[in-house]
Amino acid sequence: MNPTSTFRALALAAFSLGWAATAAAQSAPTDFPNKPIRVVVTFPPGGSTDAVMRMLVPRLNEKLGQPIIVDNRPGAGGNVGLSMVAKAPADGYTLGLGAAGGLSANVSLYPQMPFEPVKDFKPVAMLAAIPFVIVGHPSTNARNLGELLALAKAQPGKLSMGHGGNGTAMHLSTALLEQMADVRFVNVPYRGSGPAAMDALAGQIQVALVDLPSALQQIKAGKLIAYAVTSQGRLPMLPDVPTVSEAGLKGYDSTGWFGLVAPIGTPATVIARLNAEINAALDDEQIKTAMRNLGVEPVPGSAEAFDKYIRTETTKWAQVIKSANIKLD
């Protein structure tokens with residue numbers, strides 16, 4: 001299952017099971033929820049993940065009849081917040097908003113984990129996918145991705161590739177690119193996409209793999225070359241920019257993503273109720289527009305589809321991390 005096959009694959013899977021989810025939601029306990037629901041967000045306030053959750057809160061407050069309390073608990077690539085959720089009562093009143101790191105890649109990055117994502121959580125709903133874009137300074141002697149990779153192959157270890165930080169989805173996307181293309185960049189980690197994009201703009205590094213909002217304005221102004229997007233499908237905001245797969249590395253696909261999980265053992269009827277209301281919110285045109293303005297794509301879907309996706313991503317990134325010998329303390 002892939003969130004970026006024009007960002008609709010999971011949605012199709014979701015609604016093929018939608019009647020079942022709706023029926024289950026209707027049979028949920030009539031007293032749920034009867035108190036506030038806490039959502040532990042594993043990122044600090046102000047980022048796109050936090051912003052998307054806060055966009056959904058008013059709609060969920062109205063439909064669920066109880067307030068949603070956002071509790072930001074960043075740290076250790078999502079491990080700090082998610083460990084709190086893993087220890088919470090399995091009653092639906094504590095949820096975790098985790099991303100690709102905490103819910104899939106971290107088990108292969110960290111020598112010790114405070115939880116096991118597949119065993120300790122019940123997926124509730126995927127919320128969004130975050131596509132990345134490979135950009136370069138105009139002085140880089142490459143006009144497209146094919147030429148860039150040829151240049152990197154001819155000069156191994158000389159071209160610098162900036163990304164959003166060690167262990168991030170952008171770092172892993174870079175590692176996957178190197179492995180599939182059989183090239184080696186000088187990896188330059190930054191504290192987020194913004195600084196990486198700015199250094200590419202300034203010519204301090206030749207290339208960067210960053211999230212779309214960090215580079216979109218400079219791409220449209222012609223100040224950065226957009227070589228390719230990392231998703232399986234092209235992006236509406238950059239319709240003329242090919243995917244990495246189209247540009248020569250067939251099958252390449254990598255995006256950031258995030259979604260809600262609950263402690264294992266949370267009743268299925270509670271999960272179904274939450275999933276139904278979240279999907280309805282994600283299908284709201286105003287919310288979809290607001291999310292896309294942030295550079296993220298809503299990905300509604302069933303809890304079962306999200307569970308399958310987490311498992312697939314965990315296996316995929318374990319192989320990439322092992323091959324690249326990426327380790328975090």
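Checking each residue in region 49-81 for being under 21 Å from Lys288 (Cβ atoms), in contact with a helix residue (DSSP H, G or I) (Cβ under 7 Å, 6 or more places away or on another chain) and either outside any helix (DSSP H, G or I) or not hydrophobic (A, V, I, L, M, F, W, C) (or both) picks out Arg59, Lys63, Ile68, Val70. Since Ser214 meets every condition but one in (1) outside the structural domain of Thr42 (by TED's automatic domain parsing); (2) modelled with pLDDT of 95 or more; (3) buried (at least 19 other Cβ atoms within 10 Å of the Cβ), which condition does it not meet? Checking Ser214 against (1) outside the structural domain of Thr42 (by TED's automatic domain parsing); (2) modelled with pLDDT of 95 or more; (3) buried (at least 19 other Cβ atoms within 10 Å of the Cβ), the one that fails is (2). None of Ala276, Ala305 is farther than 27 Å from Thr230 by Cβ and touching a residue at least 12 places away in the same chain (Cβ under 8 Å) except Ala276. Of all the listed residues (Pro131, Pro67, Pro111), the sole one being crowded, with 16+ Cβ neighbours inside 10 Å and not small (Gly, Ala, Ser) is Pro131.
One residue alone among Val207, Val183, Val124 is in the same structural domain as Ile278 (by TED's automatic domain parsing), among the aliphatic types (A, V, I, L, M) and buried (at least 20 other Cβ atoms within 10 Å of the Cβ), and that residue is Val124. Filtering region 163-188 to residues that are hydrophobic (A, V, I, L, M, F, W, C) and touching a residue at least 40 places away in the same chain (Cβ under 8 Å) leaves Ala169, Met170, Leu172, Ala175, Leu176, Leu177, Met180, Ala181. Against the criterion of being more than 18 Å from the chain's Cα centre (by Cα) and β-branched (Val, Ile, Thr), Val52 does not qualify.
Of everything in region 158-170 that's closer than 13 Å to Val207 by Cα and not hydrophobic (A, V, I, L, M, F, W, C), which residue is surrounded by the fewest Cβ atoms within 10 Å (Cβ to Cβ)?
Per the stated criteria, the residue is Lys158.
If only residues of region 181-232 that are out of contact with any Asp or Glu (no Cβ under 8 Å at 6 or more places or on another chain) and basic (Lys, Arg) are counted, the one that is nearest to Ser160 (Cα to Cα) is Arg191. Looking across region 53-65, just one residue is farther than 16 Å from Asn275 by Cβ and in contact with a Leu (Cβ under 9 Å, 6 or more places away or on another chain), and that is Met55.
Filter the helices (runs of 4 or more DSSP H) completely within region 104-197 down to those with at least 1 residues that are within 19 Å of Thr243 (Cα to Cα).
Here the list reads 145-154, 169-181.
The values are calculated or read from the model by the stated rules, or taken from the named source; none is laboratory data. Computed from a predicted model, the values in this text were never measured in an experiment. Quick reminder, even Gly has a Cβ in these numbers, built from the backbone with ideal geometry, and neighbours come from all protein chains shown.
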